[in-house]
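Structure record follows, encoded as structure tokens.
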Ligand code: MSP
């Protein structure tokens with residue numbers, strides 16, 4: 001890595017661990033991940049921090065309710081958040097937990113700076129507190145939180161105050177001198193009028209809460225969660241030794257609009273009090289709404305990311321979230337619009353163009369990128385559009401205008417589809433002139449595809465990597481330096497890579513049904529800790545290979561007789577989009593044809609199963625696996641350490657379909 005790379009540090013909010021992520025949280029994290037990937041491709045040395053905010057009264061109570069120590073509760077929850085980000089292809093560089101030791105040291109160190117600089121004094125707080133927002137709120141006892149509308153609690157306790165009032169003028173001066181500090185404009189105005197209205201000193205320690213970072217020498221004081229959590233941004237990149245890493249100040253704190261005040265008022269005041277550099281920018285995005293209300297656990301209108309990822313893939317969710325909502329504004333979520341986007345933009349758009357182009361090159365040019373001959377005006381028009389798209393997309397990405405950036409790329413894809421239709425290379429003949437024309441059209445198409453792939457990579461990291469190798473490119477699209485991307489760089493003669501399924505088309509009703517049913521399964525989990533127990537539907541699905549004996553005790557013949565097993569014959573077998581391990585089978589069991597899911601996809605080719613006779617448990621209650629109804633179970637042995645399923649069958653005898661196994 002060259003030493004002169006400019007550094008770029010960005011952060012997601014540090015998420016609460018008393019709940020599991022929904023797609024509102026996912027939105028913030030995916031945006032950050034896309035920025036991170038984009039900045040890398042622009043030549044920056046990037047660090048992105050995400051993490052979990054694990055202290056406070058809420059966690060104390062949730063852990064108590066779950067009957068586990070707080071440390072165990074938060075460890076499980078933090079692991080769950082982390083695992084989800086992995087599944088979504090989020091490449092966080094730092095995952096900070098506010099229970100990390102290095103973080104506690106940074107918080108205590110920062111407090112010492114305040115004290116040494118005369119910004120802290122002891123006092124008492126009596127007033128209302130919102131445990132959901134962790135905010136001191138100016139309402140009367142019995143009144144609800146003005147921000148989230150939930151009940152407040154009366155708190156009377158000794159604490160240490162931070163002299164926030166001393167920072168009114170320095171903050172206003174800072175905002176005036178750095179007009180881009182708070183984005184977008186509407187949020188900047190909101191913060192400005194809040195600060196202009198006067199700032200009251202802020203309690204930054206608590207004595208009625210136990211689960212927090214201790215204030216050294218001042219027990220039972222623990223730090224107020226917002227002071228604790230905001231400091232995580234600094235702990236992640238060196239804490240007191242931030243100068244050594246070179247990543248402080250942060251370039252960008254990305255947050256939801258409801259927490260702008262904490263980031264744009266308290267946090268810069270804390271940093272000023274300690275004499276530390278201030279972040280360059282705070283960007284507050286809007287909310288994802290469901291049925292016109294902010295998606296949130298307390299309203300019960302949340303949508304979880306996993307069902308979407310399992311059915312449509314992580315890129316589909318990433319694309320939808322960034323494409324559908326204008327960054328900074330609120331956006332509505334609907335499964336219908338999600339599947340619509342998936343089918344129209346991904347399956348019929350990018351996916352279709354890639355597979356069409358590859359198939360034509362395969363057929364006409366021996367799987368190698370053809371050498372273009374003389375360009376005609378229509379080729380040049382497309383080339384110019386592609387070149388202009390590069391500039392426009394980079395400009396939009398720089399402004400976090402994801403939606404417009406993607407619109408530009410998809411307009412290029414649409415123009416290329418149209419170009420293929422008008423140029424119809426498939427109807428050209430075998431004359432020298434026709435062959436040359438075809439080569440030029442196919443090269444031009446592949447070149448657009450290469451450019452579109454690179455430009456889309458920050459948003460669709462997974463599928464663009466597949467398209468990249470499909471068009472025969474080495475390495476990863478994310479390693480392309482965007483500043484050098486330009487028309488005409490595609491080398492003729494490059495051998496195409498292996499074709500892989502990109503975005504299989506999916507029937508809308510079926511997709512929605514599957515996502516909603518998986519969503520319901522997830523929501524059945526009663527408490528966060530219970531929700532962390534292994535999912536009841538095994539990944540291997542309905543094959544008996546996945547089932548382990550519940551107990552070793554013996555059963556009587558009457559118990560065995562309860563299980564009705566019959567010989568079945570597989571009629572159809574197909575893969576399930578988003579469920580790598582499952583096959584959807586239809587099986588003739590003599591009396592009827594059943595749909596059964598079996599966890600054998602990694603070991604059996606669907607086409608080779610047609611006609612095969614298998615043993616089927618026919619009287620199992622139907623259930624849904626990955627949202628697909630399974631009505632019975634196919635029996636298989638579990639072989640070897642990886643538990644390879646081997647289907648039980650009747651190779652030597654001609655058994656009748658429907659015959660009972662006894
Ligand atoms: N722990 C604090 C943040 C501390 S940062 C030092 C917190 N955590 S949170 O788990 O509630 O996450 C809030 C963030 O999640 C929001 O700021 C926003 O980024 C994201 N979202 C949560 N619900 C959302 C929507 N419905 N829509 C969009 N984003 C939302 O606040």
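The values are calculated or read from the model by the stated rules, or taken from the named source; none is laboratory data. Everything numeric here is computed off the predicted structure, so don't read it as measured data. Reconstructed Cβ throughout: ideal geometry from the backbone, glycine too, with neighbour counts over all protein chains shown.
Computed quantities for the displayed model
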item: Number of the condition not met by residue 627 [criteria: (1) in contact with a strand residue (DSSP E or B) (Cβ under 6 Å, 6 or more places away or on another chain); (2) closer than 30 Å to residue 516 by Cβ; (3) surrounded by 15 or more Cβ atoms within 10 Å (Cβ to Cβ)]; result: (1)
item: Test: residue in segment 145-161 that is touching a helix residue (DSSP H, G or I) at 6+ places or on another chain (Cβ under 8 Å), more than 24 Å from residue 282 (Cβ to Cβ) and part of a loop (DSSP other than H, G, I, E, B); result: yes
item: Residues that are farther than 11 Å from residue 598 by Cα, outside any loop (DSSP other than H, G, I, E, B) and within 35 Å of the chain's Cα centre (by Cα), drawn from segment 610-627; result: 623, 624
item: Cross-chain or 6+ apart pairs with Cβ under 6 Å, segment 282-301 first and touching a residue at least 24 places away in the same chain (Cβ under 8 Å), then more than 9 Å from the ligand (Cβ to nearest atom) and assigned to a helix (DSSP H, G or I); result: 282/264; 284/187
item: Positions within segment 327-372 being buried (at least 17 other Cβ atoms within 10 Å of the Cβ) and outside any helix (DSSP H, G or I), in sequence order; result: 327, 328, 331, 333, 365, 369, 370, 372
item: Residue 420 being out of contact with any helix residue (DSSP H, G or I) (no Cβ under 6 Å at 6 or more places or on another chain) and touching a residue at least 60 places away in the same chain (Cβ under 8 Å); result: yes
item: Residue check for residue 229: at pLDDT 95 or above, in a helix (DSSP H, G or I) and within 30 Å of residue 190 (Cβ to Cβ); result: yes
item: Single match in 239, 217 (criterion: on the phi > 0 side of the Ramachandran plot and buried (at least 20 other Cβ atoms within 10 Å of the Cβ)); result: 239
item: Count of segment 193-214 residues which are farther than 19 Å from residue 123 by Cα and surrounded by fewer than 16 Cβ atoms within 10 Å (Cβ to Cβ); result: 5
item: Residue satisfying all of: in segment 220-230; surrounded by 19 or more Cβ atoms within 10 Å (Cβ to Cβ) and more than 8 Å from the ligand (Cβ to nearest atom); nearest to residue 132 (Cα to Cα) among these; result: 224
item: Wholly enclosed helices (runs of 4 or more DSSP H) of segment 13-109 bearing at least 2 residues over 21 Å from the mean Cα position of the chain (by Cα) and within 14 Å of the ligand (Cβ to nearest atom); result: 57-66
item: Considering residues of segment 272-305 that are crowded, with 21+ Cβ neighbours inside 10 Å and part of a helix (DSSP H, G or I) only, the residue farthest from the ligand (Cβ to nearest atom); result: 273
item: Filter result for residue 209 (in contact with a helix residue (DSSP H, G or I) (Cβ under 6 Å, 6 or more places away or on another chain) and part of a loop (DSSP other than H, G, I, E, B)); result: yes
item: Of all residues making up segment 165-179, the number that are outside any helix (DSSP H, G or I) and surrounded by 11 or more Cβ atoms within 10 Å (Cβ to Cβ); result: 1
item: Pairs, first over 19 Å from residue 164 (Cβ atoms) in segment 209-234, second in a loop (DSSP other than H, G, I, E, B) and away from the ligand (no atom under 16 Å from the Cβ), C-beta under 6 Å, six or more apart; result: 220/207
item: Condition check for residue 175: at pLDDT 95 or above and under 35 Å from the mean Cα position of the chain (by Cα); result: yes
item: Residue count for segment 249-263, restricted to those that are under 16 Å from residue 14 (Cβ atoms) and not in a helix (DSSP H, G or I); result: 6
